[in-house]
Structure formats: C-alpha cells, structure tokens
Amino acid sequence: MKVSFNDGSIREYQDGTTLFQMIKDACPELTKKALGACFNGRKSDLSTAINEDGALDIFTFEDDGGREVYRHSSAHAMAQAVMRLFPGTRLAIGPAIEKGFYYDFDSEHAFGPEDFIRIEDEIKKIIKEDIPIVRKEVSRDEALKMFRDMEEQYKVELIEGLPEDAVISLYEQGDFVDLCAGPHLSSTGKLKNIKLMSVAGAYWRGSEDNKMLQRIYATSFPEKAMLDDYLYKLEEAKKRDHRKLGRELGLFVLLDEGPGFPFFLPKGMVLRNSLERFWREVHDEAGYMEIRTPIILNRELWERSGHWDKYRDNMYFTVIDEEDYAVKPMNCPGGMLIYKQGLHSYRELPMRMAEMGLVHRHELSGVLHGLMRVRAFTQDDAHIFMLPSQISAEIKGVIDLIDKVYTMFGFPYHLELSTRPENSMGSEEQWEIATNALKQALDEKGLPYKINEGDGAFYGPKIDFHLRDSLDRTWQCGTIQLDMQMPERFDLTYIGEDGERHRPVMIHRVVYGSFERFIGILTEHFAGAFPTWLAPVQARVIPITERHLEYAQKVHDILKDAGIRVEIDARSEKVGYKIREGQLQKIPYLLVVGDKEAESDSVAVRHRKDGDLGARPLYDFVGDIQQEISSRANK
RNA sequence: GCCGAUGUGGCUCAGAGGCAGAGCAGCUGAUUCGUAAUCAGCAGGUCGGCGGUUCGAAUCCGCCCAUCGGCUCCA
C-alpha cells in the first residue's frame, strides 16, 4: 500500500499497517506522548482517504484539501441516503463548497425540511455501517453502459462531456456508486456530524434553459463542537443582517408599495449624507469635477448608446408628448452629452467627471435583496475621458482610490476581471486592447485577481471589487470599466497636439458601487455600530431625573453648537432603562448627567463598546469627540 | 423569471373551521431613580390581496402580491 503525506513524500507500507504507525513514521520528531495526545484529543481530525492514484492519503480537516475530501465524501453519503429513501431519484452533481457541500437531485418528491431528519438518520446509519469506499477505473463505454442501465441521464451527459482520453473513475460504497474524480475518505465510518441546512432550486449545469433540479445544502465537521460553533456563528451573523438592523435602527424601509425601491428614513439619510460628504472630499482631492444629468432621456439617445438594443429588458419606459423616453439605467450617455459640449484640447485630458447618478433597473423579482439588490439606486459614478497614453496611469489611480476608501472602512475585498460577454458591441481587437490594459494595470500593481470569462459589460471589460456581507456572500461594489465603444458611438473627440481631431478613451468607474449596496455592506460590517463620524446619533444625553433636565439641555446645546449630532432622552425612566435603549441603538456615546455633573460642568461618559468611562469635564469631551469625528477614526 | 418556504397590531410571535391573543413598543397616570428593562391603566388588527368551499374561514382550496433561502442575472 502506497501512502502519501501532506509534505509530499510517498512511502510504501504493508497492508494492515496502522495509521498510528504511519504518522509516527512520518513525524519521528513527535514523542510517543505527543502522538497519543494527537490521537486522543483530535483523533477525528486525522483521516485517511483514497487518493487519485488509489493510494492512501493522510490529512487533517484544517487543510483546504482535507476539508474538501471530508465534505465531498459527506456529499456521497447524503446522496446514498437520499437514494435509499427516495428510489428513482436521479443524481446530478454534488461538490464541496466553502461552508459545506451540496448535491443536486432530480426527483418527483419535493424535498423539504421535514425530510431532513429522515435523511440525516439514514446518513447516520450509513456512517455506522462503516462501508469501505472503493475507487475503480473503468473505460468510457463501461461507464456509459452502467449509468445508462441505471437511467442516470445526468451522469451519462457528464461522461459524454469528458475528453476522449479522460480517466473515468467511480467511487463505490456498498449499494451506492458515483461518477467521481475523487479523492474520497477510505470508508463512510470516518464521517461525523452531517447536518442538512436548506433546499433550493438550481438549474442543471447552471443554465436557465435546463431543467430545475433540487439542491440540498448541508455541512459536516469531524467534531460536534466545530459544527455547534459554526451554527452559533451563523445565528450571530443573522443578527448583523442589514435588513434587520435597518429597521431596528430606523435607517430605511422597503415597502410593498415599491418592491426594490428603498425609502431612506431620517437616520439613514444622515449616514448617507456623511458618506456623500466624504466622497466629495476624496474626489475633489483626486481631481474630479461633479456633474448631474437627467433621469429621463429620449429614445434616440438610448438607441445611440446601444442600451435600447442590449439593455431594454432592464429598463423602464415612458411616453412624453407622444415621444418615447426611458428612465436611465446607467449614467454614461448623459455624461457623453456633457463631454460633447464644446471642443476639448488634449491639454484638458484626463477629464474626470463624477456624478452621483440615480439609476433605475428592472431587476427580476427573485433577485431583490434588502439594500444589496434594488431597482432604484444611486451610483457614485464617474467617467474619465483620456488620451490612449493615459490609460494605465488612470486605471491605477482609480484602483488606488478604491483601495484607499475600502481600507479606511476596514473592508477586506477581492478582485475579479470580467471579459467579453456574448451580447457585446465592438471588434475583437478593441476588446483585446481594453482587456489587456486592465490586466496590465492589475499585474503592475501586483494585485491578485480572478478571471470571469464573459462577464463584462456589453461595452467593455471590467475590474470588479467584491465585498462580503455578514453571511459571507460577496457583492460587487467598486468597478472599473474600460470603454472604447461609447466614445465611438457618440463621436467624442479632442484636438491633439497636431491640431487634428482624435478619439478619447473612456473609463466608467464607481467606488462605493451604489450608496444603497454600500450602506448595506457597511451596516453588516459594523453590525450597526457605525464609526462616530457616520453614526446617525453621535451622543445622547441622559438626565438621571427631571431635576437634571436643565443641565442636560445645556450639555445638549453646547454639543450641538460644536457640530455634534446629539439628542436628549428626557423620558421619566430609570437610568438603566435609558442606557439599555441607547446601547441597543448603538449610539457611540451616552452622557449621563446628575447632581455631580451639573455641579462640576462635566459628563459621565459611557462608550457603547468600552462601557462606563467615568466623569469628564464637558469641554474635554467635546474636544475629544470632535477630534474623533474629524479624523474619521474607525472606532 | 425559476424552485421551495413564509405572510396574524409598529416589532417578535401564539392561535390550525365556531367571540382575534401575548410580550415589547405607543399613549395616560404614578414613580424622580447613578450605567442594559419601575408600576398601573388605556388604545391599537378587514389575520398580505382577490375569489371559492362552508350555516360559519385567520384556519380548507385556487389565483395574485410581497418577503425569505437558493438558481439564473447584477452595483
């Protein structure tokens, strides 16, 4: 028996050699005691698997690879259980994913949570049966015949899609067999703690034109404590949901009267206005000019921009004086028209025109999601017109700007590069130049990125910045799109050094993405406890009794004059009650005032995270909070 | 748009053919209190909408709308 280790070494063992001996052999530096501890304490964390050569692999769950094997074998066990309970079900695919695994089934029976317990019980039986998992390699014809006989048409389709010379392997565990490249655990007995999470529809092969299958999502861990920890974190994460916090903190509402059209409440507007102010400041520094273009423009414009042709399904229309108009789904055409006012010299370029543009897009009803995916949103857009020689520097400038903003909020992000989609405008050559320009900028910055083939905008390729929400779903926020189509379509020109007209290149870009989505991400990131500079209410004065109202009012007025967003809780409630309310509202500072404070012109400061900080002279506190706000401390 | 689930006062939820309920929030009054819930009273709902079955529907059936979890699509 060949055994390969994580360090890459491969050793030959006699059959029947124990795992203990193998590990001891691989890690001679470990004392016997340490080895014992390793087995006793975290025994289940070490597992064996049949690898792609049919040899044995030893891994730990902590490795990405080991975890994937564990989850993938869990998926097979779940599929086996489903097949036992619901004969006639057809199998599609069942991979491991970041937080667990899923398996897609085609079944007459609609799976629901009430089936989960039965399926989990059957999985437990399969684990208890400790069925050896066996790898077999078969010829293409054998595999096709077998799955045809079993009427597993999805497996047949998968095999037909494999290259001629592909090695076809099967993994067999008792009454269950699956087409699979592996690797897998050496037996079902090594599995533990498999929990079914949810069921959802998913198209076969991810295409809307195919049949919709039933996808059961589940997860698994080698130790119960790990599963409990995961479920606990999931519950905690739900408390950060911006839809829940948005209601609790009075930031925004979504109503049946306008699905996907958010209403911003006074506190939400304060937050939003702070973001706008910050945005204007950074853009002014970065050399942008601000413009504003109309929301409704005529049909001719949208035909010229290509939106009428390529984007119509997502647009809202109206008729004015018997002429067709459309509500803008993007800001660029308006920006083009502004550029076209008058002649431009090469000396004016790059010209950076920013616009907080309200756009409307008719998104499918099923995709709406709080503030993250809406039908009306304001993009913090900008269009940069430039000479071809300025492309690289401008792209890098935008990357730096986005990085600066995200870093300041403390957001981790990742990058994706999207290339030419099917439904696109322009020549192959133009797309190649544009795509390479983006790639080059990323490479020169030394930034890692993922490529999304065919995911670009219809007018050009793009670099997307993705941020994560509380449940680790990622949302595209910032984007940089290089466009060689619009300048052509709108016949944009500049006068070059040679006195001739030339075609400028254009970048579309957003930093926040949209105010709506960004506020959603921001809310979840901070769990509603926004840094003081963003907090809708920055301080709340809490008089201990009615006797202290007068002094409280004085504190309030002084803070307000100092530019602090402050309010008084004048209700005749106990201090504890008011503190609780203030904490739940995540107000950064609660200022308790009673006799002591009134006598000494001070406030008893309570910070929402640090708790009671004791009394401070009022003017010292004012200075501190002003400093904290003006520095935009991420506290 | 597709698959599945859900929809009862502002919020969180109970009620599963026979009088629409609780807690919190709100209002009124009492209490005047030192760092996460003071007490009492009052008020508040065409049970998402429309239609059907029934002597009788929040409850059963159908259609629609919205929301939630995914898929597809996207800032």
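A few comments on the model shown:
- Single residue of region A:112-161 satisfying the filter (basic (Lys, Arg) and farther than 20 Å from residue A:75 by Cα) that is least open to solvent (accessible area, probe 1.4 Å): A:140
- Top-ranked residue in region A:550-578 [being within 24 Å of residue A:268 (Cβ to Cβ) and in a helix (DSSP H, G or I); ranked as most open to solvent (accessible area, probe 1.4 Å)]: A:560
- Failed item, numbered, when residue A:500 is tested on (1) free of Cβ contacts under 8 Å to residues at least 24 places away in the same chain; (2) of a type outside the set (A, V, I, L, M, F, W, C); (3) touching a Ser or Thr at 6+ places or on another chain (Cβ under 8 Å); (4) over 19 Å from residue A:338 (Cβ atoms): (3)
- Sole exception among (1) part of a helix (DSSP H, G or I); (2) open to solvent by less than 60 Å² (accessible area, probe 1.4 Å) for residue A:384, by number: (1)
- Members of region A:475-498 found to be open to solvent by less than 50 Å² (accessible area, probe 1.4 Å) and either more than 16 Å from RNA strand B (Cβ to nearest atom) or more than 30 Å from residue A:415 (Cβ to Cβ) (or both), listed by number: A:484, A:487, A:490, A:492, A:493, A:494, A:495, A:496
- For region A:207-216, the set of residues classified as open to solvent by 70 Å² or more (accessible area, probe 1.4 Å) and without any contact (Cβ under 8 Å) to a residue 12 or more places away in the chain consists of A:208, A:209, A:212, listed by residue number.
- Within region A:536-548, the set of residues being assigned to a loop (DSSP other than H, G, I, E, B), open to solvent by 10 Å² or more (accessible area, probe 1.4 Å) and more than 8 Å from RNA strand B (Cβ to nearest atom) comprises A:536, A:537.
- Qualifying residues in region A:446-474 (those that are closer than 30 Å to residue A:235 by Cα and among the hydrophobic types (A, V, I, L, M, F, W, C)) - the one surrounded by the fewest Cβ atoms within 10 Å (Cβ to Cβ): A:471
- Residue A:446 within 20 Å of residue A:404 (Cα to Cα), among the small types (Gly, Ala, Ser) and either away from RNA strand B (no atom under 11 Å from the Cβ) or out of contact with any Phe, Trp or Tyr (no Cβ under 7 Å at 6 or more places or on another chain) (or both): yes
Here is a yes/no grid of residues against (1) modelled with pLDDT of 95 or more; (2) surrounded by 17 or more Cβ atoms within 10 Å (Cβ to Cβ); (3) near RNA strand B (Cβ under 9 Å from one of its atoms); (4) in a strand (DSSP E or B):
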site	(1), (2), (3), (4)
A:189	no, no, no, no
A:205	no, no, yes, no
A:222	no, yes, no, no
A:227	no, yes, no, no
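- Applying a threshold of 9 Å to beta carbon distances and a minimum spacing of six or more residues, or different chains, the list of pairs starting in region A:481-494 at a residue that is closer than 13 Å to residue A:384 by Cα and ending at one that is of a type in the set (D, E, K, R) and open to solvent by 20 Å² or more (accessible area, probe 1.4 Å) reads A:481/A:462; A:482/A:462; A:484/A:503; A:487/A:503; A:492/A:340; A:492/A:503.
- Checked against the criterion of being among the polar types (S, T, N, Q) and within 30 Å of residue A:632 (Cβ to Cβ), the candidates A:523, A:493 yield just one match: A:523.
- Some residue of region A:517-535 being buried (at least 16 other Cβ atoms within 10 Å of the Cβ) and farther than 30 Å from residue A:379 by Cα: no
- Condition check for residue A:369: under 20 Å from residue A:522 (Cα atoms), within 17 Å of the chain's Cα centre (by Cα), within 11 Å of RNA strand B (Cβ to nearest atom) and open to solvent by 20 Å² or more (accessible area, probe 1.4 Å): yes
Results for (1) surrounded by fewer than 18 Cβ atoms within 10 Å (Cβ to Cβ); (2) not in a helix (DSSP H, G or I), shown as yes or no for each residue.
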site	(1), (2)
A:276	yes, no
A:279	no, no
A:287	yes, yes
A:292	yes, yes
A:300	yes, no
A:317	yes, yes
A:326	no, yes
A:330	no, yes
A:337	yes, no
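- Qualifying position, being more than 7 Å from RNA strand B (Cβ to nearest atom) and open to solvent by 60 Å² or more (accessible area, probe 1.4 Å), among A:616, A:632, A:606: A:616
The values are calculated or read from the model by the stated rules, or taken from the named source; none is laboratory data. The structure displayed is predicted, hence computed values, not measured ones. Note that we place each Cβ from the backbone using ideal geometry, even for glycine, and neighbour counts take in every protein chain shown. Just so you know, the surface numbers come from the protein's heavy atoms only, side chains and all, with ligands and any DNA or RNA stripped out. Shrake-Rupley method; radii C 1.70, N 1.55, O 1.52, S 1.80 Å.
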